[in-house]
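Before any comments, here is the structure.
The values are calculated or read from the model by the stated rules, or taken from the named source; none is laboratory data. Here the structure is a predicted model, which is why all the values come from computation and not from measurement. Cβ sites come from the backbone with ideal geometry, for glycine too, and all protein chains shown count toward neighbours. For accessibility, only protein heavy atoms count, side chains too; no ligands or nucleic acids. Shrake-Rupley method; radii C 1.70, N 1.55, O 1.52, S 1.80 Å.
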Amino acid sequence: VLGGVDYGGPLSKTQSTFATAAMDLRSFIPLGITGAFVTVPPLGLCLATFLKPKLYTKTERKYAKSSWVYTLVAGFTEIAIPLAANDIIRCTVATVCGCVVTGSIAGFFALELYTPVLGIPQWFFYNKPLVYWGSLLAGVITTAFVVNFLKSVSNRDIAAMDREEENK
């Protein structure tokens, strides 16, 4: 869950370190859960921009279009930072919700990851690849719907934000 709180910062690094250290105890579920939700924030926020583009600035939409592939290949949570920076509270609430969904599903089905890798290579080291994909998809969709709902009830003036970005 911590990956959804600080976007790859010290909290999520602590969780990743713990999950990797648990491998010494032959426990692979913590790493399976962590690996499953690490890409939820960037993929969820990218999906959200495609579902409701009018809720996002031109820069955010452009960044989201270019981030899909990089997120899948590299798998870093930090990719979400430019999408969350202008609206950190709503984005963080949404990414935490998505990570909780993914982590709960992965934990319930005892998803294990046998090596500490990210991105495409990790897909081949799960004990239950369908659980990985299902939990990831559920978290990404949750993130996208929650952030779009929260943004739709906010007073963000996207046109003014776009004008401000153009004047920089």
Looking for whichever is out of contact with any Asp or Glu (no Cβ under 6 Å at 6 or more places or on another chain) and buried (at least 19 other Cβ atoms within 10 Å of the Cβ) here; the options are E60, E165. Which one fits?
E60
Do any helices (runs of 4 or more DSSP H) lying entirely in segment 1-112 carry at least 1 residues that are under 22 Å from P129 (Cβ atoms), polar (S, T, N, Q) and within 14 Å of the chain's Cα centre (by Cα), and which ones are they?
29-37, 58-74, 88-108
Mind checking which residues of segment 118-145 are in contact with a Gly (Cβ under 7 Å, 6 or more places away or on another chain), part of a helix (DSSP H, G or I) and open to solvent by 20 Å² or more (accessible area, probe 1.4 Å)?
T142
Only residues that are open to solvent by less than 40 Å² (accessible area, probe 1.4 Å) and under 15 Å from S16 (Cα atoms): list them for segment 76-106, please.
T77, C99, G103
Would you say A19 is within 23 Å of L111 (Cα to Cα) and at pLDDT below 95?
yes
Among (1) loosely packed, with under 15 Cβ neighbours inside 10 Å; (2) in contact with a helix residue (DSSP H, G or I) (Cβ under 6 Å, 6 or more places away or on another chain), the one test that G35 misses:
(1)
